Amino acid sequence: MSACPCGSKLEYAVCCGPIIAGAPAPSAEALMRSRYAAFVLGELDHVERTHAPEVRDDFNRAEAERIAQARNPPC
């Protein structure tokens, strides 16, 4: 088991993991924490899927991948 990268001090499997996997977020805070965790983990499908409809078309997937890779290089 591993700590969730959102900083909640909870295990990923009971914190952001289920939300990233598609479960509804119980609160706006949980959604934003899951979006951060998804970015850190390179789970950009979740980031893209949870954009507000009015900005979804502006999401630049290639740029998001580039930034995520630069901030979180593979081990």
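Here's the yes/no breakdown for (1) farther than 22 Å from residue 71 by Cα; (2) surrounded by 17 or more Cβ atoms within 10 Å (Cβ to Cβ); (3) of a type in the set (D, E, K, R):
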site	(1), (2), (3)
27	yes, no, no
37	no, yes, no
40	no, no, no
45	no, no, yes
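Among the residues of segment 22-31, is there at least one that is outside any helix (DSSP H, G or I) and aliphatic (A, V, I, L, M)?
Going residue by residue through segment 22-31, those that are outside any helix (DSSP H, G or I) are 22-27.
Right, trim to aliphatic (A, V, I, L, M) and you get 23, 25.
Within segment 22-31, one or more residues are outside any helix (DSSP H, G or I) and aliphatic (A, V, I, L, M).
So, residue 45, is that one more than 11 Å from residue 6 (Cβ to Cβ), of a type outside the set (Ser, Thr, Tyr) and modelled with pLDDT of 90 or more or not?
On the way: more than 11 Å from residue 6 (Cβ to Cβ): yes; of a type outside the set (Ser, Thr, Tyr): yes; modelled with pLDDT of 90 or more: yes.
It is true that residue 45 is more than 11 Å from residue 6 (Cβ to Cβ), of a type outside the set (Ser, Thr, Tyr) and modelled with pLDDT of 90 or more.
For residue 67, are the conditions met, namely being surrounded by 10 or more Cβ atoms within 10 Å (Cβ to Cβ) and more than 23 Å from residue 9 (Cα to Cα)? First the steps, then the outcome.
Working: surrounded by 10 or more Cβ atoms within 10 Å (Cβ to Cβ): yes; more than 23 Å from residue 9 (Cα to Cα): yes.
Yes: the conditions hold for residue 67.
Restricting attention to segment 6-21, report how many residues are part of a loop (DSSP other than H, G, I, E, B) and surrounded by fewer than 18 Cβ atoms within 10 Å (Cβ to Cβ). Full working, then the answer.
Restricting attention to segment 6-21, the residues satisfying the condition of being part of a loop (DSSP other than H, G, I, E, B) are 6-10, 15-16, 21.
Among the residues that remain, those that are also surrounded by fewer than 18 Cβ atoms within 10 Å (Cβ to Cβ) are: 7-10, 21.
Qualifying residue count, segment 6-21: 5.
Being assigned to a helix (DSSP H, G or I) and in contact with a Leu (Cβ under 7 Å, 6 or more places away or on another chain): is that true of residue 64 here? Give the derivation first.
Numbers: assigned to a helix (DSSP H, G or I): yes; in contact with a Leu (Cβ under 7 Å, 6 or more places away or on another chain): yes.
Yes.
Output the residues belonging to segment 32-61 that are more than 23 Å from residue 8 (Cβ to Cβ) and assigned to a helix (DSSP H, G or I).
53, 54, 55, 56, 61 - these are the residues of segment 32-61 that are more than 23 Å from residue 8 (Cβ to Cβ) and assigned to a helix (DSSP H, G or I).
Which residues, counting only those in segment 50-75, are over 20 Å from residue 4 (Cα atoms) and basic (Lys, Arg)? So that I can check it myself, show each step before the final result.
In the first step, residues of segment 50-75 are kept if they are over 20 Å from residue 4 (Cα atoms); the result is 51-67, 70.
Within segment 50-75, 56, 61, 66 qualify.
The values are calculated or read from the model by the stated rules, or taken from the named source; none is laboratory data. No experiment lies behind these values; they were computed from the predicted model shown. Here the Cβ is made from the backbone with ideal geometry for all residues, glycine too, and neighbour counts use every protein chain on show.
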